[in-house]
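Q: Before I ask anything, let me first share the structure, which is written out below as structure tokens.
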Amino acid sequence: MIAIHDPPQPPLTAPGLTTRAQTLPDHISPSAAKCYLGCPLKFYFERVARIRKNTPVALHLGKAVHAALQAFHIARWRGTDDTPETIAAAFDQAFTALERDEGPVNFEDEEDRGKARLDGLRVVAAYLDSPEAMKEKPRAVEVLLKENVPGLSVPLTGAMDLVEGNFTPVDFKSAAAKPDKANAVFDHEIQLVSYQLLMEIATGQVPSSLDLVFLVKTKTPQVIRVSSPPAGEHRKRRVIALLETAVQGIAARRYHPQPGMQCSWCQYKNECMAWLPGQVLTERRAA
Ligand code: SF4
């Protein structure tokens, strides 16, 4: 049940968003900035009020596939068992553990759950069988960086799925349909350029490209790499300005609806309809 309160203001504290001097967030990540810029009120429901919803099937599947790829890349890095059977077992383990640890998934029934599991296994197998599967030892796997970036009033954080030997950061995306390459780079601009900024500050190296690898859940799964050249000054300044816009909005507690295409798949429509300016929505669990 959702209750409406007048101010005082809501707490800013949330995972990854602890407060500094009760104003600025402790840091900003590209995913938090993208979420805030997409819809500040949805950001509030998800990351500040932390209103729990059943996990969408696509998100659950994407996380389990991500865990399987992580197991593969770590095995490549350590030189341990990276056979398809071991990686499929890592997928199954994550598929079950995520349900247990993160709450119910929006499966229609057991048959729907079984289909999602098989889709995930097929996508993972397609990746391992593709030219994109890492053949050499990666430079790093699951890299978490936090750096001060000129022009940004809080540190920037980012978690890169994989860093290849030539310092190329690679992020893996599960998708239902084949991506349009130009749109994919535009959609993920904040993330890609943030990774470059972090990489340059942490290592002094300019990545040779900024890459996305899409795992497409079509009938015959496809694995598609989308590469973008490293950003020049204009792209960097633009992304830093977008990140800073999110930081300032969070600090000022500007949480308002931003109606658009994203509302079609938003899980917070009821809470959104209850919103009025100057009011704060919090979750009140039924007794
Ligand atoms: S329904 Fe649309 S405007 Fe409302 S919170 Fe969701 S995304 Fe934002």
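The values are calculated or read from the model by the stated rules, or taken from the named source; none is laboratory data. Being a predicted model, the structure only gives us computed values, none of them experimental. Cβ sites come from the backbone with ideal geometry, for glycine too, and all protein chains shown count toward neighbours.
Q: Which ranges mark the strands (runs of 3 or more DSSP E) fully within the stretch 198-287 that have 2 or more residues being under 21 Å from residue 139 (Cα atoms)?
A: Fully inside the stretch 198-287 and qualifying: 210-216, 222-228.
Q: Determine whether residue 191 is at pLDDT 95 or above and either assigned to a loop (DSSP other than H, G, I, E, B) or within 16 Å of the ligand (Cβ to nearest atom) (or both).
A: no
Q: To continue, here is another question. Just a yes or no: is a residue in the stretch 241-252 more than 15 Å from the ligand (Cβ to nearest atom), farther than 21 Å from residue 190 by Cα and at pLDDT below 95?
A: yes
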